[in-house]
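The values are calculated or read from the model by the stated rules, or taken from the named source; none is laboratory data. Every value quoted in this text rests on a predicted model; they were computed, and no experiment measured them. Backbone-built Cβ (ideal geometry, glycine too); neighbour counts: all protein chains shown. SASA here: full protein model, heavy atoms, side chains in, ligands and nucleic acids out. Shrake-Rupley method; radii C 1.70, N 1.55, O 1.52, S 1.80 Å.
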Amino acid sequence: MKNIIKACVPCLLVLSATACSNPADKILIKKNPSPVQAYVMTLDASHAPGEVKETYAYMTFENAYSGSQCMPEPPGMVEWRMPRERIELDLKPVEGKPNVFEGTVYLDWLQDENYFGKGLCAWRMNMAGAGFVGAGGLGFATGIGHTHFEPGAEDTAYFKVESFTALEKDSMYPFAYSV
């Protein structure tokens with residue numbers, strides 16, 4: 001009898017793990033074939049105390065605003081994580097402006113779809129983020145929430161010099177974005 005129980009334990013573990021796996025992890029997320037809500041995001045680190053060596057940027061999207069009506073009912077007391085996606089953005093240097101970069105953000109980059117047969121799961125861009133690496137391998141990052149994407153919007157965040165260089169100073173420099 002003990003051998004039968006020991007043999008069944010791995011089966012039960014596999015069954016319980018698959019029964020509780022999140023359906024959001026299994027969907028094929030599609031890119032919107034013709035996004036139209038485009039914003040050129042300019043990232044200005046021209047006041048940084050040195051050259052920007054590396055850049056990266058991304059957008060995050062989530063379905064949480066569709067509510068649970070687009071997801072299957074979870075078993076028991078389990079709560080599903082709503083679908084999320086991170087899209088890498090391409091940043092290009094602005095010609096003639098050191099440490100200034102541009103990238104295009106599409107608020108409608110992902111296609112809304114009825115993934116689970118329960119109703120439309122509508123994507124919303126949650127934020128755009130960007131980061132920079134300077135001398136000595138140190139860097140900084142910032143993010144812009146979806147509510148800031150309006151024509152002409154601008155904002156400035158300040159970072160300590162030591163976030164960008166290996167220097168031990170307590171001065172701040174600005175990092176600005178505009179859309």
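Heavy atoms only, 1.4 Å probe, whole protein assembly: order VAL133, VAL36 by accessible area, highest first.
The most accessible residue leads, giving VAL36, VAL133.
Check each of the GluC sites (Glu not before Pro) in the stretch 76-134 and keep only those in coil by DSSP with at most 16 other C-beta atoms within 10 angstrom; list them in order.
GLU79, GLU95
Would you tell me the accessible area of LEU120, worked out with a 1.4 angstrom probe on the heavy atoms of the protein chains, in Å² to the nearest 10?
100 Å²
Which FRET efficiency, nearest 0.05, do GLU79 and HIS146 yield, Cβ-Cβ r, R0 25 Å?
It comes out at approximately 0.60.
Ranked from the most accessible area to the least, with a 1.4 Å probe and all protein chains present, what is the order of HIS47, HIS146?
The most accessible residue leads, giving HIS47, HIS146.
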